[in-house]
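Beneath this line is the structure, given in structure tokens, with notes to follow.
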Amino acid sequence: MKAIGVTRDGDGVELLDVERPEPGDGEALVRTLRVGVDGTDHEVIAGSHGGYPESAQHMVLGHEAVGVVEDGNGSGLDAGQVVVPTVRRKPNGETNDYFRRGEPDMAPDGEYVERGIVGEHGFMAEYFTSPADNLVPIPDHLAEYGMLVEPVSIAEKANDHAFSTREPFEWRPEAACVLGNGSLGLLTLWMLGREFDRTYCVGRRDRPDPTIDVMDELGATYVDSRETSVEELPDAHEAVDYVFEATGYAPHAVQTIHALAPNGVGALLGIPGPWEFEIDGGTLHKEIVLHNKCLIGTVNSHVKHFEAAVDTLDEMPQWLLDDLVTTVASPDNVEAAFEDDEGQIKAVVEFDTL
């Protein structure tokens, strides 16, 4: 069958010919519809993140997927059901405390594998198999955009964990800021627009630009970080109650503290490489303590976040979904899905239709 992946001796994305998987006990066989491409995929391709399955000479890419159950195989799922797979799985098929508690997204390095990222093949193939517990059913009418459930689930978890830190007191947030104008940032911007009176989005683009057009349509204020740094937000606009960081730009972790209003919280999702720079640690420490500020890190998500993401995706306006998906590539002409240009927001590889 056709699959898209990388090889140890290759240079970039390749169209692979691999065997169609056979489902094991408790697993369903899924026919892939669409798989999204994101920044993590580019990092895996570049070799800066993730890793191959043990002893494998290739790895199938893709962790944002939607498919149709081809064979339920006694898993409890019916043929024809549209499903979205979760990403994090048991290492070497062996469970641990995190998986037993139903919290694999909280497991540390070495206690999990991630489909299409580290240690296990992904979903960017004509078929894949998965235990039923890792397949989240979605309505048929969401099939076209079902690959967005995974990134929305990432935002669901980050927002849930961040807001939970404010539960001990009466928090009255009004303004939120998203750092990063990729597809995850824009999806989150819409989500935060339901909760906050004012929203901002930080990027590095010149008008005209499709991501800025989306911000404008959402009623958010675009902040060009080349003109206004994140730590200058309070002076240029206002201090914000919540910052959602999705850039992987290491200085943003420090700048977020200065951008927050008293009692504010920031969620860090980007994964930077090594980066040394000077900071005033004393002032930073005092700012956190005297103003009750909080900074959390969050990665991955699990079934409950996927289920929440299905409901959120169902509420999103059609125009937003249409505008976000800028490229639909076939497996035979997949290069367009991995082009890195400013006109690209969300690219998907389409294997089949419902």
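Scanning the range 81-94 for residues that are open to solvent by 40 Å² or more (accessible area, probe 1.4 Å) and not charged (D, E, K, R) turns up Q81, N92, G93.
One residue stands out in the range 9-21 among those that are open to solvent by 60 Å² or more (accessible area, probe 1.4 Å) and at pLDDT 95 or above: the one that is nearest to P331 (Cα to Cα), namely L15. Applying the condition of being part of a helix (DSSP H, G or I) and in contact with an Asp or Glu (Cβ under 7 Å, 6 or more places away or on another chain) to the range 301-311 and asking which residue is surrounded by the fewest Cβ atoms within 10 Å (Cβ to Cβ) yields A308.
When you scan the range 288-300, do you find a residue that is farther than 29 Å from V113 by Cα, in contact with a Cys (Cβ under 9 Å, 6 or more places away or on another chain) and not in a loop (DSSP other than H, G, I, E, B), even just one?
Yes, there is a match, as at least one residue in the range 288-300 is farther than 29 Å from V113 by Cα, in contact with a Cys (Cβ under 9 Å, 6 or more places away or on another chain) and not in a loop (DSSP other than H, G, I, E, B).
The single condition from (1) open to solvent by 60 Å² or more (accessible area, probe 1.4 Å); (2) free of Cβ contacts under 8 Å to residues at least 12 places away in the same chain that G281 fails is (1).
When you look at D216, is it open to solvent by 40 Å² or more (accessible area, probe 1.4 Å), without any contact (Cβ under 8 Å) to a residue 12 or more places away in the chain, more than 22 Å from W319 (Cβ to Cβ) and not basic (K, R), yes or no? Against the criterion (open to solvent by 40 Å² or more (accessible area, probe 1.4 Å), without any contact (Cβ under 8 Å) to a residue 12 or more places away in the chain, more than 22 Å from W319 (Cβ to Cβ) and not basic (K, R)), D216 does not qualify.
Could you go through the range 268-276 and let me know if any residue there is open to solvent by 30 Å² or more (accessible area, probe 1.4 Å), outside any helix (DSSP H, G or I), of a type in the set (A, V, I, L, M, F, W, C) and at pLDDT below 95. Yes, the conditions are met somewhere in the range 268-276. Residue pairs whose Cβ atoms lie under 7 Å apart, sitting 6 or more positions apart in sequence or on different chains, and linking a residue in the range 323-334 that is surrounded by fewer than 14 Cβ atoms within 10 Å (Cβ to Cβ) to a partner that is modelled with pLDDT of 95 or more, are S330/E350; D332/L15.
For the range 343-354, the set of residues classified as surrounded by 13 or more Cβ atoms within 10 Å (Cβ to Cβ) and under 17 Å from G182 (Cβ atoms) consists of Q344, I345, K346, A347, V348, listed by residue number.
The values are calculated or read from the model by the stated rules, or taken from the named source; none is laboratory data. Here the structure is a predicted model, which means the values were calculated and not measured. So basically every Cβ, Gly included, is an ideal-geometry build from the backbone, and we count neighbours across all protein chains shown. What goes into the accessible areas is simple: the full protein's heavy atoms, side chains included, and nothing from ligands, DNA or RNA. Shrake-Rupley method; radii C 1.70, N 1.55, O 1.52, S 1.80 Å.
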